[in-house]
1. Working only within segment 40-53, note down all residues that are assigned to a loop (DSSP other than H, G, I, E, B) and over 9 Å from the mean Cα position of the chain (by Cα).
2. Considering only segment 22-64, how many residues are aliphatic (A, V, I, L, M) and over 17 Å from residue 10 (Cα atoms)?
3. I want to confirm something. Restricting to segment 20-64 and keeping residues that are among the basic types (Lys, Arg) and surrounded by 12 or more Cβ atoms within 10 Å (Cβ to Cβ), which single residue is modelled with the lowest pLDDT?
4. Looking at (1) modelled with pLDDT of 90 or more; (2) part of a helix (DSSP H, G or I), find the lone condition where residue 17 falls short.
5. Go through segment 20-39 and give me each residue that's in a helix (DSSP H, G or I) and either out of contact with any helix residue (DSSP H, G or I) (no Cβ under 9 Å at 6 or more places or on another chain) or not small (Gly, Ala, Ser) (or both).
6. For residue 34, indicate whether it is without any contact (Cβ under 8 Å) to a residue 24 or more places away in the chain, under 11 Å from the mean Cα position of the chain (by Cα) and at negative phi.
Amino acid sequence: MKGEAGVDNVALARGLSKIAARSKLNQEGLYRMLSKRGNPSLRSLGALLSSLSFQLTVKPKDAA
């Protein structure tokens, strides 16, 4: 989840304590999720994205 405009940067910019409260995840868990070794569950990722006003979308790949 690392990147120039990644979710980790957005979460840090908005303040992890606020994001933790909105997502109902604890700060330690957020730090772990956003680390290079982070491996969040789909539920945790959904809670984080929702608290940042983002949405995860899945769509079919284009036929090759």
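The values are calculated or read from the model by the stated rules, or taken from the named source; none is laboratory data. What you are looking at is a predicted structure, and each value in this text was computed from that prediction instead of being measured. Cβ sites come from the backbone with ideal geometry, for glycine too, and all protein chains shown count toward neighbours.
1. Keep residues of segment 40-53 that are assigned to a loop (DSSP other than H, G, I, E, B), which gives 40-41, 52-53.
Residues satisfying the conditions are 41, 53.
2. Residues that pass the stated criteria total 4.
3. Initially, segment 20-64 is screened for residues among the basic types (Lys, Arg), giving 22, 24, 32, 36-37, 43, 59, 61.
Restricting the remaining residues to those that are surrounded by 12 or more Cβ atoms within 10 Å (Cβ to Cβ) gives 22, 32.
Details: 22: 91, 32: 88.
Filtering first and then ranking leaves 32.
4. Here residue 17 meets the rest and fails (1).
5. First, the residues of segment 20-39 that are in a helix (DSSP H, G or I): 20-23, 27-34.
Selection gives 22, 27, 28, 30, 31, 32, 33, 34.
6. no
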